[in-house]
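The values are calculated or read from the model by the stated rules, or taken from the named source; none is laboratory data. These figures come from a predicted structure and were not determined experimentally. Here the Cβ positions follow ideal geometry from the backbone for every residue, glycine too, while neighbour counts run over all protein chains shown. Heads up: the accessible areas ignore ligands, DNA and RNA and are worked out on the full protein's heavy atoms, side chains in. Shrake-Rupley method; radii C 1.70, N 1.55, O 1.52, S 1.80 Å.
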Amino acid sequence: MNRLETIRRRRGLLIIIMAALLLEILSGAQYFFTRRLMGEELEKRAEGELTLKTVLVKSTLNASEDLLKSFMWKIQAHLDIPDSAYVTMSRIARIGAHVQGCGVAFVPDYYPQKGKLYEVYARREADGKVEVEQIGGPDHDYTQSRTYQQILASQEAVWIEPYEDKEGAKTTIITYAMPLFEGRRNTDGSLDWNSKRPLAGLAAVDVSLEWLSDTINSHHTYPSSFALLLTEGGKPIIQLSDDQGGKETSAYIIGLINDSTVARHQSTSGQSTMIHFDTDERDGTIFYASMEGNPHWQVAVVCYDDEVYASLAKLRLWMLLLMLLAFGILLHVIWRYARGEKKLQVKTLEQERINGELRIASDIQQALLPTMDDGRWKKEDGISVEGRLIPAKAVGGDLYNAFVRDGKLFFCIGDVSGKGIPAALIMAIIQALFRNIAERENNPAHIMSQINETACRNNKSNFFVTLFIGVLDLPTGRLRYCNAGHEVPLLVDQTTKQLSAKPNLPIGLFADFTYEMQETVMEAGSTLFLYTDGLTEARDAQHRLYGKERVMKMIADCKTTDTKTLVDAVVAEVKLFSENTEQSDDLTLLAVNYTPAKEQYVLDETLTLKNDVKEVTTLNAFVKDVTARLGIEKSLASRLQLALEEAVVNVMEYAYPPRTTGEISIRVMCSAAHHQKLTAVIADSGVAFNPTEAAVADTTLSAEERPIGGLGILLVRELMDSINYERIDGKNVLTLTKMITS
């Protein structure tokens, strides 16, 4: 009876715990989905408002355009009557609902009797009356205005960005202007508008910005929302009034829209672009889109989070109070159930906590490893990488990592002394150290030394790590490596053999130990196979070791260049050998295949320069010719020219000492693939100089505080897709690549 009662109580306790967890999950899910739905609703409302504002602005502008176009025939038909412009302009100003004024400006001396400059302007006054006057003259030379010169040059109708008209409208306006051509008389007296005609002047209508501001900032979705109207180039057309934040708020929002570094993304519908901003006062979202046609202005709507999610915040507060009440009741019930079996409950919860932490630790450990199927190992890189870590317990102390930077594959494999949680913690530290140091260091011995120095600090647990680090240069196949007491990798090409690797000491023992770098060349199609001692020390049911001989024979028998197939085959073979006996040690495998693609080039040109900055003009002409032959669009061609110029000048300044002559070779190649790759190889015989290791300039500092140097390499990195340096046969070889569209 006591046993049944215990089971019943445990079931009740489990049900209560599950109910509490379910309540928390439901609450979190409700909040998450409600906020997402409100965010989607915000997008719809904001885009609806954007559409409305755009339609209002566009309809007004179109109405002004159509009004002027409808009167152009009348202006042209009465060009022989100079004073007819008074009547026509007056009529346009009266008819146009949102027209501040209109005018016609004739080319100089078009009507000699009216003087050299003749411009008739009709202005709508505050009381609705229209005043028409001739404003051209020495004090108002309209031929020098931006509007007149733009029409004269293009002879096409355009919208002019906001400006202050002191003579005509006498306020800040936007203008739609059209060229005014003469009509030719046919023999029957009718006018011919189709033949080529001389320019008589220009006609224009002016729209008040005050009306546009009132229109665009009326009827907002949320109380504090507001709208802005910008030019295509990002200049403000309409700004906020003082009670809405004035110029300061306008400048902040416009600055975010114009800042290319600010994070932004497309809305769900794709009709607008969104920017979320956080300020000390309020957070919010900017929605903006460009108007179609001419003018190609931008309309922006700003909504604040505290208004958008106000109801959600109240709901969240009530849910929190209800949850606290529910948890209070549940805790009271749990306490009553737990009194009679406290010791058992404590042990059970402790074991569950440990198991949960082990699962989390295992997930975290696997997440620290690089993902080999995420698309980073591209076929054009010439490499294939596959890794596998199978811990003996929930977590293990083995590690591997691999990534590509500046045309080089950085990889490592290691084994931490011990097993379980302590080894896993050390593994995570070594992983982070390798990635951080290898991001700025190319020499594997230097990487190993810096990891060792850090690992030796406060090493009270006396742990050590065997580690192998390799750096493979993808263009040349040159492999530089450093071994710290790890299992020697196998190199598979025509034969299968151990890589010639000095053992050195494991890291974590002596901080002042000097690690030695070695190097070799991986032939095309060769594979480097790395492993931990969990492979060679795997045991079968009779406790026999798998051994290095079996490893070498198995790798030789695989005869495959596919790294995933190779790793899968090794894992399957070890499991078969172990006959499902308990795994005694962590097993980690890493395979690197080097098979560079054979490029076919549509262009392969070489230029040799002297180390003289005057030669830059020759370089620019060379690059301009190459990009023109490849049909590269102008903006990309300019960036390529700038990158090559910066790289070559950098070599001139640092590779050759002062008053030393030398040559610099620039070879430019372009692949024939669908997605073309442009490669520039810059070689010189100067002193060894690796520009990729130069300290990058801190652009956050002022010009006075920032030390000289570093901007050139920063610019080259920004302009090119990759930058790779090697010292080959006494020469500095710098390789720059850029993907272009065929």
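Using Cα positions and a limit of under 17 Å, work out the lysines in reach of Lys69, with same-chain residues fewer than 8 apart set aside.
Counting by Cα, and skipping residues close in sequence, Lys69 has these lysines nearby: Lys58.
So what is the relative contact order for the chain, in percent, with contacts set as C-alpha pairs under 8 Å and at least six apart?
Relative contact order, the chain: 8 percent.
With every protein chain kept in the model, how would you rank Ile81, Ile469 by accessible area, 1.4 Å probe, largest at the top? Write down the numbers at each step before the final one.
On the way: Ile81 80, Ile469 0 Å².
Solvent-accessible surface, decreasing: Ile81, Ile469.
Add -39500 (n - 2.57) for each DSSP H run of 4 or more in the chain, then divide by its residues: what number comes out at 222 nm, to the nearest 500 deg cm²/dmol? Walk me through the numbers on the way to the answer.
Numbers: 16 runs with 287 residues, N = 742.
For the chain, the value works out to -13000 deg cm²/dmol.
Would you list, by chain and number, the aspartates and glutamates whose Cα falls below 19 Å from the Cα of Lys614, excluding same-chain residues fewer than 8 positions away?
Candidates past the 8-residue exclusion: Asp625, Glu645, Glu646, Glu653, Glu663, Asp684.
If one takes the longest principal axis of the Cα atoms in the chain, at what angle in degrees, from 0 to 90 and to the nearest 10, does the Cα axis of helix 420-438 lie?
50
I'd like the accessible area for Ser311, computed on protein heavy atoms only with a 1.4 Å probe and all protein chains in place. Round to 10 Å², please.
Counting only protein heavy atoms, the figure is 70 Å².
For Leu587, list long-range residues whose amide hydrogen, built 1.01 Å from N in the peptide plane, is under 5 Å from its own amide hydrogen.
Ile390, Ala392
When the accessible area of the chain is split by element with a 1.4 Å probe, what percent falls to carbon and sulfur?
54
Which aspartates and glutamates have a Cα less than 19 Å from the Cα of Lys502, not counting those fewer than 8 places away in the same chain?
Asp415, Glu487, Asp512, Glu516, Glu519, Asp533
Between Val87 and Glu693, what is the spin-label point distance in nm, taking each point 7 Å from the Cα along the Cα→C-beta axis?
Between Val87 and Glu693, the label points sit 8.7 nm apart.
Could you report the accessible area of Trp159 in Å², rounded to 10, computed with a 1.4 Å probe on the protein chains as they sit in the structure?
The accessible area comes out at roughly 20 Å².
From the backbone phi of the range 528-543, what are the Karplus-calculated ³J(HN,Hα) couplings (6.51 cos²θ - 1.76 cosθ + 1.60, θ = phi - 60°) in whole Hz, Gly and Pro given as x?
9, 10, 10, 7, 9, 5, x, 7, 5, 9, 5, 10, 9, 5, 9, 6
Compute the Cα gyration tensor for the range 571-695, then decide on rounded, prolate or oblate, letting a ≥ b ≥ c be the square roots of its eigenvalues: rounded whenever a/c is under 1.5, prolate when a/b is larger than b/c in the other cases, and oblate in all that remain.
Taking the square roots of the gyration eigenvalues as a ≥ b ≥ c, the range 571-695 is prolate.
Express the accessible area of the chain per residue in Å², computed with a 1.4 Å probe while the remaining protein chains stay in the model.
That works out to 53 Å² for each residue.
Starting from the residue with the highest accessible area, list Arg478, Arg94 in decreasing order, probe 1.4 Å.
From most accessible down to least: Arg94, Arg478.
Treat each spin label as a single point 7 Å out from the Cα along the C-beta direction, and report the Gln600 to Met739 distance in nm.
2.1
Just how much of Tyr252 is accessible, in Å², when a 1.4 Å probe is used and the result is rounded to the nearest 10?
Accessible surface of Tyr252 is approximately 90 Å².
Where a ≥ b ≥ c are the square roots of the eigenvalues of the C-alpha gyration tensor, would you call the range 408-554 rounded, which needs a/c under 1.5, or, failing that, prolate if a/b is larger than b/c, or oblate?
oblate
Amide H to amide H under 5 Å from Thr496: which residues, 5+ apart in sequence or cross-chain, H placed 1.01 Å off N in plane?
Hits under the 5 Å cutoff: none.
Please give the helix 310-338 orientation as an angle from the longest Cα principal axis of the chain, in degrees from 0 to 90, rounded to the nearest 10.
Here the helix axis deviates by roughly 20 degrees.
Is there a pair in Lys53/Lys235; Lys634/Lys738; Lys393/Lys559 whose C-alpha atoms are over 20 Å apart, and which pairs would that be?
Flagged as over cut-off: Lys393/Lys559.
State the label only: which of (i) 1.12; (ii) 1.38; (iii) 1.52 corresponds to Cα Rg over 2.2 N^0.38 Å computed from the shown model?
(ii)
By the gyration tensor of its Cα atoms, with a ≥ b ≥ c the square roots of the eigenvalues, what is the shape of the range 472-550: rounded for a/c under 1.5, prolate for a/b over b/c, or oblate?
oblate
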